[in-house]
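J.: Take a look at the following structure, please.
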Amino acid sequence: MFYHAYRAYMENAYPADELMPLSCRGRWRGVEPSRGDIDETMGNFSLTLIDALDTLGVIGDLEEFEHAVKLIVRDVTFDNDVVVSVFETNIRVLGGLLSGHILAEYFQQRAGILSWYRGEMLDMARDLGYRLLPAFNSTTGIPHGRVNLRYGLKSPRLESSRETCTACAGTMILELAALSRLTGDPIFEEKAHRAMDELWKIRHRSSDLMGTVLNIHSGDWVRRDSGVGAGIDSYYEYCLKAYILLGDERYLGRFNKHYSAVMKYISQGPMLIDVHMHRPHTNSRNFMDALLAFWPGLQVLKGDIKPAVETHEMLYQVMQRHNFIPEAFTTDFQSTYFLYRATGDPYYLEVGRNVLRSLQKYARVPCGYAAVKDVRTNMHEDRMDSFVLAETFKYLYLLFADPADLLLDLDEFLFTTEGHLLPLSLARDSNFSVVTISEQGDLYFDDEMEFARSCPNTLHLFPETVRRPLRNMVNGVCPRKIMKRKLHASDFQAGSSDHLKLLKDMGINILTLADGRVQLLHTFAHARSSADAEEGLMFMQEMVELTKSQSQQSDASPQAVVFKGEKGADIVISAGPAHFGRELKGDKKVVGRVGVADPLRVCSELVHPERIKGRVVIMERGDCMFIDKARRIEEAGALAGIVVDNTPGTSAANSPMFAMSGDGKEPPVNIPLVFLFYQDASQLLQAAGLNPALEVSISDMAVVKEGEGRGLLAMLRDMLHTAMFWP
């Protein structure tokens, strides 16, 4: 799975930041249409290769690892005039470079490769670190959310920025401290420590909870929702991991305070529901977001196994119901790996296998893995985030791998929030657990040691007994509604009375425009029932995605239909192309005598199909899909097809070019199909009526126009030549 995604990126997208798996090309910042804030993960610095680099080391492909290091050193630069997310650039790019550098030296010493490597990626990491430092120029020292890699904060939009999320500001300490300790330059770690200190100061003192969004200059909370999901998740993670990696006791104390507050106010059985930080007994919302899926893994790291098993089980049931956790590209089941490592329970291997199957069935496409936009329809998005290679496949691989087969001793490393590896040898202080042990070997804890630095003995834990009471939790709370769809957007035909009635039942009103196109308007209250209204929402979403996917297809060239008029002159009609069938470009064309289909709309079995064999077949739009018409006439032996619009008055002169869409299903169509507006087609129909043996050619309009241009030039040359002999 990793290689399928990695090779798709390297062969079709590198050195772009991301692969667009449906288009099978690279996504460049500033080239593709903006997607808003999500694009700030990209900086035209080969994001996916940097993020995926240490996964190559984990799976043991040292040859490709060395090749990737060479590419990064040769091709990547950060001197780009582009605004990026400080948080995402830190965890993905800086973290990827540091982990790559550490593994490069690790393999250099233990595997005898990369003899040429002299710390080039560490130099790149230092360069990037300095480009991120201007973000810390705030009154509190809490970093801005965005920075320009070339100009820092030197733009009005960046200088006036005031807000950031808790996770954005509090997920810097691991990477920046590692950068300082590897380079000997203390400024990075100092900036990160100050930001963490300021965040700790603004916690709610009575509840010890954190809000979600804050003002970086005043330190005031902008959003006081408190939970463990979006906007706050990795701050808690980095409090604990800063202690583990750096040996700094203050972070353990802070984490224990926060953890106690989360378990007291936010944890409600296996569920974790946001509360108001200043009124912690009041829920701020009644649903959970997907980013909290990391929490059980953090609980395993802390040693609190029982609630980790419970929350993981609840999330797994959600995944089983929807194939993925809604709002997440993939189920963030790094916690599955950690629970398996902690308990050895083979149940978690089965969980991993089901995650793997869902990815293969619903996310894998010929060119990588595509994000699943909607778990109800399994509609794809033209997006493959870098973390799919950095995290998803890394944790799945490690879940099934035998530790003895790994080239790395993972007990020597800590995983960052992006799944990058930092060595525990970076610690300057001891972080070994210290507890009182009696002469009989018993462990003693007093009330103040509730969160002592030791993990429970997992050999005496039986996760199955914890999971059993939760077995039907999700289906019990939210009974599954099995909806039998009456109509999918891909099957819709505006000319079908049955389809129009179904849409009316769903609350969808249809307006027919002057050029024959239709406009859809959905009103929930107009639906026949709530179930119909819900299907109407799904239909509209499918239609939006279908339209968007068609617009992203390569532009099909306008076609030309050419035939002889009554006086023997060529008549050229502009025709719309199809997104399926044989493409006529350049000098390719189809020539043949016309034939008329019976029935005219070709939505049922043809009468006398032998009469259209070897012909260019004329048929009418409506009642069924264009591609279905094409399949029927191709089966009868037709050379090509011409679909005539069924809306009187339409013409190419007053309508945009119409391109016919397919259905993406088998069997494919191998003959060309073109579309003529009603008024334009009248010339062809009139000529065919006068001459049943009329011969028609279909070709690329650009080539026909070019030929006409050459003909006019020849006429002009002849006129000029004749003018030389005029008196």
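The values are calculated or read from the model by the stated rules, or taken from the named source; none is laboratory data. Treat the numbers as computed from the prediction; the structure is a model and nothing was measured. With ideal geometry, Cβ positions are generated from the backbone for all residues, glycine too; neighbour counts draw on all protein chains shown. For accessibility, only protein heavy atoms count, side chains too; no ligands or nucleic acids. Shrake-Rupley method; radii C 1.70, N 1.55, O 1.52, S 1.80 Å.
J.: With +1 on the Cβ of every Lys and Arg and -1 on the Cβ of every Asp and Glu, and nothing else charged, how large is the dipole of region 131-194 about its Cα centre, in debye rounded to the nearest 20?
T.: Dipole size: approximately 260 debye.
J.: Let me ask something else about it. Could you please state how large a percent of the accessible area of the chain is carbon and sulfur, counting protein chains only and using a 1.4 Å probe?
T.: C and S atoms contribute 52 percent here.
J.: Search the structure for amide H atoms under 5 Å from the amide H of Val222, placed 1.01 Å from N in the peptide plane, and list their residues when 5 or more places away or on another chain.
T.: Long-range HN contacts for Val222: Val213, Leu214, Asn215.
J.: Keeping every protein chain present and rolling a 1.4 Å probe, give me the accessible area per residue for the chain in Å².
T.: Ligands and nucleic acids excluded, the result is 47 Å² per residue.
J.: A further question on this structure: Normalising by the residue count of region 33-139, find the relative contact order in percent from Cα pairs under 8 Å and 6+ residues apart.
T.: Relative contact order, region 33-139: 31 percent.
J.: Another one. What list of ³J(HN,Hα) couplings, whole Hz, do you get for region 12-27 from phi and the Karplus terms 6.51, -1.76, 1.60, once you set θ to phi - 60° and write x for glycine and proline?
T.: 10, 10, 4, x, 5, 5, 9, 9, 9, x, 7, 7, 6, 8, x, 9
J.: Straight-line reach from Lys705: which lysines have a Cα under 22 Å away, not including same-chain ones fewer than 8 places off?
T.: Lys564, Lys567, Lys585, Lys588, Lys589
J.: Could you tell me which of the pairs Lys191/Lys241; Lys241/Lys264; Lys501/Lys629; Lys70/Lys302 are separated by over 27 angstrom between their Cα atoms in the structure shown?
T.: Exceeds cut-off: Lys70/Lys302.
J.: Under 8 Å for C-alpha pairs, at least 6 residues apart: give me the relative contact order for region 189-229, rounded to a whole percent.
T.: Dividing the mean separation by the residue count of region 189-229 yields 27 percent.
J.: Enumerate the calculated ³J(HN,Hα) couplings along region 569-576 in order (Karplus 6.51 cos²θ - 1.76 cosθ + 1.60, θ = phi - 60°), each rounded to whole Hz, writing x wherever the residue is Gly or Pro.
T.: So the Karplus estimates, Gly and Pro as x, are 7, 5, 10, 10, 10, 6, 10, x Hz.
J.: So, one more: With θ set to phi - 60°, apply the Karplus curve 6.51 cos²θ - 1.76 cosθ + 1.60 along region 192-205 and write out the HN-Hα couplings as whole Hz, x wherever there is a Gly or Pro.
T.: With coefficients 6.51, -1.76 and 1.60, one gets 5, 4, 4, 4, 5, 4, 5, 5, 4, 5, 9, 4, 6, 5 Hz.
J.: What FRET efficiency do you get for Lys201 and Lys484 if R0 is 45 Å and r is their Cβ-Cβ distance, rounded to the nearest 0.05?
T.: 0.20
J.: For the chain, what Kirkwood radius comes out of the mean inverse Cα-Cα distance, in Å?
T.: When all Cα pairs of the chain are included, the Kirkwood radius is 29.9 Å.
J.: Relative contact order for the chain using alpha-carbon pairs under 8 Å, separation at least 6, rounded to a whole percent?
T.: 10
J.: Output the peptides 539-547, 611-619, 82-90 sorted from most to least packed, where packing is the average of other Cβ atoms within 10 Å over each peptide's residues.
T.: My ranking of the peptides, most packed first, is 82-90, 611-619, 539-547.
J.: Quick one: length gained pulling Ile38 to Lys588 fully straight, 0.36 nm per residue minus the C-alpha distance?
T.: Contour length minus Cα-Cα distance gives 193.7 nm.
J.: Report the label-to-label distance for His4 and His608 in nanometres (one decimal), using points 7 Å from each Cα along the Cα→Cβ vector.
T.: For the pair His4/His608, the computed spacing is 5.1 nm.
J.: Would you calculate, for the chain, the mean residue ellipticity at 222 nm contributed by helices, counting each DSSP H stretch of 4 or more residues as -39,500 (n - 2.57) and dividing by all residues, to the nearest 500?
T.: Helix-only estimate at 222 nm: -11500 deg cm²/dmol.
J.: Which lysines have a Cα lying under 19 Å from the Cα of Lys373, excluding residues fewer than 8 positions away in the same chain?
T.: Excluding near neighbours in sequence, the set is Lys361, Lys548.
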